[in-house]
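Working notes, structure below.
The values are calculated or read from the model by the stated rules, or taken from the named source; none is laboratory data. All values reported here derive from a predicted model rather than from experimental measurement. Cβ coordinates were reconstructed from backbone atoms using ideal geometry, including for glycine residues, and neighbour counts include every protein chain displayed. Surface areas here come from the heavy atoms of the whole protein model, side chains and all, with no ligands, DNA or RNA. Shrake-Rupley method; radii C 1.70, N 1.55, O 1.52, S 1.80 Å.
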Protein chains: 2
Amino acid sequence: MSQRQPQQLVPGMQPAVLTMDSLLRAAEQTVPQGAGEASKFRYRAAYQGVPGAYSEMAACKACPDAEPVPCEQFEVAFQALSQWTTDWAVLPIENSLGGSIHAVYDLLLRYRLHIVGETSIAVNHCLLALPGTKLSDLTRVLSHPQALAQTDTYLRKLGVVKEAVDDTAGAAQMVARQQLQGVGAVASRRAAELYGLDILDEDIQDAKDNVTRFIKLARDPLLSREGEGEATPFKTSIVFSLKEGPGQLFKALSVFALRDIDMTKIESRPMRTNPIVLTKPEGAAQAGKQRFNYLFYIDFVGALSDPVCQNALRHLQESAPFMRVLGSYPMELQLGGLDSNTPFDSINEH
Amino acid sequence: MSQRQPQQLVPGMQPAVLTMDSLLRAAEQTVPQGAGEASKFRYRAAYQGVPGAYSEMAACKACPDAEPVPCEQFEVAFQALSQWTTDWAVLPIENSLGGSIHAVYDLLLRYRLHIVGETSIAVNHCLLALPGTKLSDLTRVLSHPQALAQTDTYLRKLGVVKEAVDDTAGAAQMVARQQLQGVGAVASRRAAELYGLDILDEDIQDAKDNVTRFIKLARDPLLSREGEGEATPFKTSIVFSLKEGPGQLFKALSVFALRDIDMTKIESRPMRTNPIVLTKPEGAAQAGKQRFNYLFYIDFVGALSDPVCQNALRHLQESAPFMRVLGSYPMELQLGGLDSNTPFDSINEH
């Protein structure tokens with residue numbers, strides 16, 4: 001976890017959030033424009049959301065020497081990085097309750113950026129309020145509808161009115177800015193620190209296993225030296241499609257199994273009607289499009305510098321009409337692969 | 001699609017939404033209580049949300065002869081069905097943009113219910129307002145934050161203030177109930193019909209491939225006769241874990257590949273800390289729990305009555321310490337399996 005203390009914002013003050021419009025304006029000027037004033041940070045990392053968001057925590061954890069730059073949407077973060085407005089972008093890719101975030105996978109295919117790292121953030125919803133507020137004082141609680149849903153049991157016991165707002169950190173900001181008495185916000189611990197609120201309670205979500213995995217993107221791929229993946233385990237993320245015919249997926253997976261390459265993620269995604277923008281060749285005005293019935297997302301343990309992994313991908317390409325390496329990067333957790341399962345003894349609920 | 005006309009609700013009137021509390025109250029009474037008054041329907045189908053929600057459309061499509069019963073949360077729908085308050089429950093299981101809905105998979109493992117059907121709903125966001133309103137009259141637009149995000153480009157061009165509320169159908173209801181002039185709601189076509197609003201525009205979302213797949217649950221499994229799966233293609237959904245060791249997933253998939261059984265979905269889910277409640281044996285006060293590093297979700301083409309499928313599952317059980325059949329049911333779409341990919345010629349964006 002990042003150890004640095006977040007800077008506390010004066011209520012009513014916050015760094016400008018990047019939007020598509022502000023990016024376009026910046027592109028018209030000769031000197032790239034930042035989101036805020038002169039920064040003490042050498043680097044900048046785009047994330048989706050406002051200060052105090054879980055995505056901001058992930059950006060700070062993944063890029064400890066970078067100023068987190070809030071972006072209004074996922075795509076603005078991709079654009080900010082593509083247009084040299086930031087050095088990295090940190091985006092959620094899957095959540096333990098919500099699943100894979102396909103919108104981010106779609107953007108990964110549309111933009112030529114590279115995954116250079118990963119980080120996971122445990123969602124720890126806190127109940128925040130103005131300093132001095134007691135739990136019994138609360139009559140209303142604000143948050144994003146998903147956060148309200150995830151803390152439903154707790155809030156029900158409290159007997160408060162739930163009010164939905166745009167995001168968790170925005171709820172904390174609203175309570176602080178408008179000095180709302182008797183109003184709570186469900187948000188992160190960092191939001192409490194940023195907006196000067198008290199933490200009345202924490203870890204108030206129903207499901208305790210609420211973890212979001214984020215990817216760190218850069219304009220250039222991370223080049224690992226041969227053998228580096230052995231000391232620091234690397235993970236490689238790919239997307240591919242398959243030809244028609246029975247057993248194609250089985251054959252595709254055999255390129256990893258036959259080389260004892262362990263997978264940490266496999267997912268099929270039905271594609272229905274939406275074409276994939278494949279590539280935008282240099283000089284071409286438009287990108288080519290192609291349709292597939294299914295895309296497959298696979299993460300496997302291994303670095304691209306490893307000749308065994310290179311051979312596996314070469315082997316996979318023989319049968320996959322479309323394949324893209326999204327990135328090869330150091331693994332954050334020693335979770336092991338899909339095949340290393342550690343069954344625990346049955347335990348009883350108490 | 002269901003052809004029946006939705007009953008238009010008087011603004012301010014709506015069927016009671018089932019909550020955990022109302023289910024407990026119902027359980028205390030001898031005659032199971034319904035959500036509304038005497039119904040013309042013989043059957044009832046629980047869904048999560050309020051009338052006009054996309055989930056309600058799915059419930060009507062999957063259970064055309066059932067009264068849709070709104071439930072406050074996913075789990076209330078599971079309970080309503082388990083406690084004989086409804087005959088079916090229809091729940092979202094995956095979305096083309098958001099991915100698999102793991103919270104519903106979790107409930108499938110905790111409740112002993114069975115998938116007996118599936119249906120897909122294309123999310124078609126409409127812009128609704130009071131009758132007679134013109135697009136240029138709108139100054140504010142209400143909806144669920146996700147719907148507002150999905151229609152961001154459109155709403156930006158319109159230059160309106162976006163306001164987040166609990167759900168899409170609730171936004172439509174609010175505009176109708178409070179007779180809000182100059183206020184729009186992003187919601188379904190059905191919400192417009194239910195609450196007597198005009199549809200100013202439709203299909204206003206950025207991504208056109210926004211499809212949600214729903215499952216239809218029943219207390220008893222659907223029993224298919226041998227050979228039935230050949231005329232009407234059946235799909236079977238399973239969840240399993242694997243033992244530790246390299247190549248286990250490859251071996252697991254071989255039980256399908258070696259029998260030419262086609263898969264339509266495969267997904268790995270890292271489990272981290274959350275134990276799975278496996279079973280609640282008859283007479284036992286508590287269910288047993290077990291932890292796994294990964295769970296695998298697979299849908300394959302085939303009916304449980306087919307001896308080949310039975311053999312495949314028996315074969316899989318040899319190596320899987322945990323396996324559950326979630327259901328075997330008629331396939332809605334002739335999408336083909338994971339292995340039947342139809343690449344189209346490259347087309348250029350215009």
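The table for this structure:
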read-out	value
From phi via Karplus (6.51, -1.76, 1.60), per-residue ³J(HN,Hα) for segment A:133-147 in Hz, x at Gly/Pro	6, 9, 3, 6, 6, 6, 10, 10, 9, 9, 5, 5, x, 5, 5
DSSP-loop GluC sites (Glu not before Pro) across segment B:75-128, with at most 11 other Cβ within 10 angstrom	none
Residues whose placed amide H lies under 5 Å from that of A:Thr264, excluding near-sequence neighbours	A:Asp299, A:Phe300, A:Val301, A:Leu338
Relative contact order computed over segment A:64-143 (Cα-Cα under 8 Å; 6+ residues apart), in percent	18
Residue of chain A whose Cβ sits closest to the axis mapping A onto B, with distance in whole Å	A:Gly99, 2
Percent of alpha-carbon pairs separated by more than 15 Å within segment A:164-216	52
Calculated from backbone phi, Karplus (6.51, -1.76, 1.60) coupling profile of segment B:103-111 in Hz, x at Gly/Pro	4, 6, 4, 4, 5, 4, 6, 8, 10
Amide hydrogen neighbours beyond the local backbone of A:Gln205, cut-off 5 Å, H modeled	A:His125
Using a 7 Å Cα-to-Cβ projection, A:Asp65 label spacings across copies, nm, ascending	7.0
Computed accessible area, B:Tyr195, all protein chains, 1.4 angstrom probe, square angstrom	10
Flagged links, alpha-carbon separation over 30 Å, of B:Lys40/B:Lys134; A:Lys61/A:Lys265; A:Lys40/A:Lys134; A:Lys216/B:Lys208; A:Lys208/A:Lys251; A:Lys61/B:Lys243	B:Lys40/B:Lys134; A:Lys40/A:Lys134; A:Lys208/A:Lys251; A:Lys61/B:Lys243
Kirkwood hydrodynamic radius over Cα pairs of segment A:126-202, then Stokes diffusion coefficient at 25 °C and 0.890 mPa s, in µm²/s	211
Amide H partners (placed H, <5 Å) of B:Glu94, local residues excluded	B:Ile101, B:Arg213
Drop in accessible area of at least 40 Å² in the complex versus isolated chain, residues of segment B:81-125, 1.4 Å probe	B:Ser96, B:Leu97, B:His102
Accessible area that becomes buried as A packs against B, both chains, 1.4 Å probe, Å², nearest 100	6600
Sequence of B:Ile115, B:Ile199 when ordered by accessible area, the most exposed leading, probe 1.4 angstrom	B:Ile199, B:Ile115
